[in-house]
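Below is one structure, written out as structure tokens; the observations come after it.
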Amino acid sequence: MTGDPHLLGRADAVSIARAVRQGSVSAQAVVAACLERIRQRDPQLNAFTAVLEELALQAAEQVDRQVAQGIPVGPLAGVPFAVKNLFDVAGLTTLAGSVINRENPPATQDATVVARLKQAGAILVGTLNMDEYAYGFVTENSHYGPTHNPHDLNRSAGGSSGGSAAAVAGGLVPLALGSDTNGSIRVPASLCGVYGLKPTYGRLSRAGVALFAASFDHVGPLARSVADIALSFDVMQGPDPQDPVCTRHPGDPTFGQLGQGIEGLRIAVADDYFARGAEPPILAGVEKVAQALGARQTVRIPEAQRARAAAYLITAAEGANLHLPNLRTRPHDFDPATRDRFLAGALLPASWILQAQRFRRWYRQQVQTIFQEIDLFIAPTTPCSAPLLGQEKMVIDGVEVLTRPNLGLYTQPLSFIGLPVLSLPLRESGSLPFGVQLVAAPYQEAKLLRAAAYLEQLGIPNAQPV
Amino acid sequence: MQPWDPETYVDQMAQLLQLPLHPDHRAGVIENFARFLPIAQQVLEFPLPPTVEPAPTFDPQP
């Protein structure tokens, strides 16, 4: 491997770390190439809101020193990564896509998951654009500008982790972190053609991450290979008393399980709600994945539409409550795309929210029963490929609907009960990418990643950078 | 029952919450709130037995 920016833009994290450990490329060359790639491509994409050139080069120098001295380095040594700008980074103010938060003091320490990636040797190169306070699916942020889809600059990168998906898809970094409350990792991963993992609710610590709707907030990685998703997920796992919902389940390292294949996995295709409304190429993609995995049975997730409705209400109420003081005193400083929804969410009656939370428990029970019969199910990630920037309406099932909320049609009923989901990138030649979700029972991320690695071996997903 | 009027509800609830609605924002808030109604209806019309607790749990020992 060389330090050529173009070649490094195509390399995955696991190959970079291997080359750095073996001394065939220096971490400094990797980081310099990454920074050059950001300089070349980000003016078109607008994925980054801050580039930490000096800090990144210093960290790379330290990795190289350790390698030279024969000191063991972590499994992600020398791997550049970037994070959605709602993760705390020591010394930077956490923007969460807003101008209001620009007035906050800089974070004094890294978010837990950022610290764990750094501890594994990964090198933080910057922070990434998002919808304000993560309330959106398009990353058309009025303060920091829209993030453009690397596959077509006139199209949305998806959101709210749009900067994360665009930076990975554009080959600016091999690995990025995003957050997902209703689909905010999976939707941009789908529209930009990369892998996106939303782990089980509580599986990864959210300490040091700006909340949006705490009932559903998750964090997770976006990358261009299954191995990178698995390895980064593994190093971020583990309990964290700083996050009240972080799991006490022991970690389950997945990287070593990737070669186990799909033997013994009972896999079904979600029908009914999840088989309606997507464009034909996307349903064909679901079928292609199903065939490759030998999934012949179908499964009906009961009341998925109602689950989405309940998720919508809880999100609106929790999000509004967090921002109520600023909504009272400085509503003009909010992005117009989020402001009126936040204000409306503040007015929701308590009884509606409690009923939605009770429905959530009922729904979880129903879906839990389904996982006694199957291990994984398959569903589309988004109903369509990337819409144009600014596109207000789209057609689903013959009905014209608003684009922004409906990008989460298939993601919301799953994050609602915290199921682990991996969005796989599919792309037919000459077409825009789209995602297919693999969904497992809580804490069964390893099964998702085994199936994804199997599909990757068959060449079915395509996450090549553009 | 009288038909529900989102404008009155939004104005009164905003007042109760001491959440002033700027004239430029009021129409958007009413529009967004009205959008909640059919969504909430889907949740509210679904019968749940009284034994079903709300989903969030509280852990007294961190």
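The values are calculated or read from the model by the stated rules, or taken from the named source; none is laboratory data. From a predicted model like this one, the values you see are computed outputs, not experimental measurements. Note: ideal-geometry Cβ built from the backbone for every residue, glycine included; neighbour counts use all protein chains shown. Areas reflect the complete protein model, heavy atoms only, side chains present, ligands, DNA and RNA absent. Shrake-Rupley method; radii C 1.70, N 1.55, O 1.52, S 1.80 Å.
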Subject >> Which numbered condition residue B:13 misses (of (1) assigned to a loop (DSSP other than H, G, I, E, B); (2) of a type in the set (A, V, I, L, M, F, W, C); (3) modelled with pLDDT of 95 or more) >> reply: (1)
**OP:** Only residues in the stretch A:135-148 that are open to solvent by less than 40 Å² (accessible area, probe 1.4 Å) count as the first member; pair them with residues that are among the basic types (Lys, Arg), Cβ under 8 angstrom, at least 6 apart or cross-chain, and list the lot.
**Re:** A:135/A:341; A:136/A:404; A:137/A:404; A:138/A:404
Subject >> Within the stretch A:209-254, considering residues that are open to solvent by 30 Å² or more (accessible area, probe 1.4 Å) and small (Gly, Ala, Ser), the one farthest from residue A:364 (Cα to Cα) >> reply: A:210
**OP:** Within the stretch B:22-51, count every residue that is of a type in the set (Val, Ile, Thr), farther than 16 Å from residue A:304 by Cα and surrounded by 13 or more Cβ atoms within 10 Å (Cβ to Cβ).
**Re:** 2
**OP:** For the stretch A:369-408, name all the residues that are within 13 Å of another protein chain (Cβ to nearest Cβ) and in contact with a strand residue (DSSP E or B) (Cβ under 8 Å, 6 or more places away or on another chain).
**Re:** A:401, A:402, A:406
Original post:
How many residues, within the stretch A:187-203, are closer than 14 Å to residue A:461 by Cα and β-branched (Val, Ile, Thr)?
Top reply: 1
Subject >> Residues (assigned to a loop (DSSP other than H, G, I, E, B), touching a Ser or Thr at 6+ places or on another chain (Cβ under 6 Å) and buried (at least 22 other Cβ atoms within 10 Å of the Cβ)) located in the stretch A:87-129 >> reply: A:88, A:129
**OP:** Identify, from the list A:59, A:82, A:50, the residue that is open to solvent by less than 10 Å² (accessible area, probe 1.4 Å) and either in contact (Cβ under 8 Å) with a residue 12 or more places away in the chain or in contact with a Cys (Cβ under 7 Å, 6 or more places away or on another chain) (or both).
**Re:** A:82
Original post:
Quick one: in the stretch A:285-323, which of the residues that are buried (at least 21 other Cβ atoms within 10 Å of the Cβ) and over 23 Å from residue A:417 (Cα atoms) is nearest to the other protein chains (Cβ to nearest Cβ)?
Top reply: A:323
Original post:
Residue check: is residue B:8 assigned to a loop (DSSP other than H, G, I, E, B) and more than 8 Å from chain A (Cβ to nearest Cβ)?
Top reply: no
Subject >> strands (runs of 3 or more DSSP E) contained entirely in the stretch A:346-437, each with at least 1 residues that are among the hydrophobic types (A, V, I, L, M, F, W, C) and under 16 Å from residue A:216 (Cα atoms) >> reply: A:421-426
Subject >> Residue selected from the stretch A:11-30 under the condition among the charged types (D, E, K, R) and touching a residue at least 24 places away in the same chain (Cβ under 8 Å), by the criterion most open to solvent (accessible area, probe 1.4 Å) >> reply: A:21
Original post:
Could you list, in sequence order, the residues of the stretch A:205-235 that are of a type in the set (A, V, I, L, M, F, W, C) and either free of Cβ contacts under 8 Å to residues at least 12 places away in the same chain or in contact with a Pro (Cβ under 9 Å, 6 or more places away or on another chain) (or both)?
Top reply: A:207, A:214, A:219, A:222, A:223, A:226, A:229, A:230, A:231, A:233, A:235
Subject >> Residue in the stretch A:324-368 that is nearest to the other protein chains (Cβ to nearest Cβ), counting only those that are among the small types (Gly, Ala, Ser) and open to solvent by 40 Å² or more (accessible area, probe 1.4 Å) >> reply: A:351
**OP:** Kindly list the number of the only condition in (1) more than 25 Å from residue A:424 (Cα to Cα); (2) touching a residue at least 24 places away in the same chain (Cβ under 8 Å); (3) part of a helix (DSSP H, G or I) that fails for residue A:332.
**Re:** (2)
Subject >> Subset of the stretch B:31-62 [more than 8 Å from chain A (Cβ to nearest Cβ) and of a type in the set (A, V, I, L, M)] >> reply: B:34, B:37
**OP:** Consider residue A:337 carefully, then state whether it is in contact with a strand residue (DSSP E or B) (Cβ under 7 Å, 6 or more places away or on another chain) and either among the hydroxyl-bearing types (Ser, Thr, Tyr) or in a helix (DSSP H, G or I) (or both).
**Re:** yes
Original post:
Can you name every residue in the stretch A:207-248 that is under 17 Å from residue A:461 (Cβ atoms) and of a type in the set (Val, Ile, Thr)?
Top reply: A:226, A:229
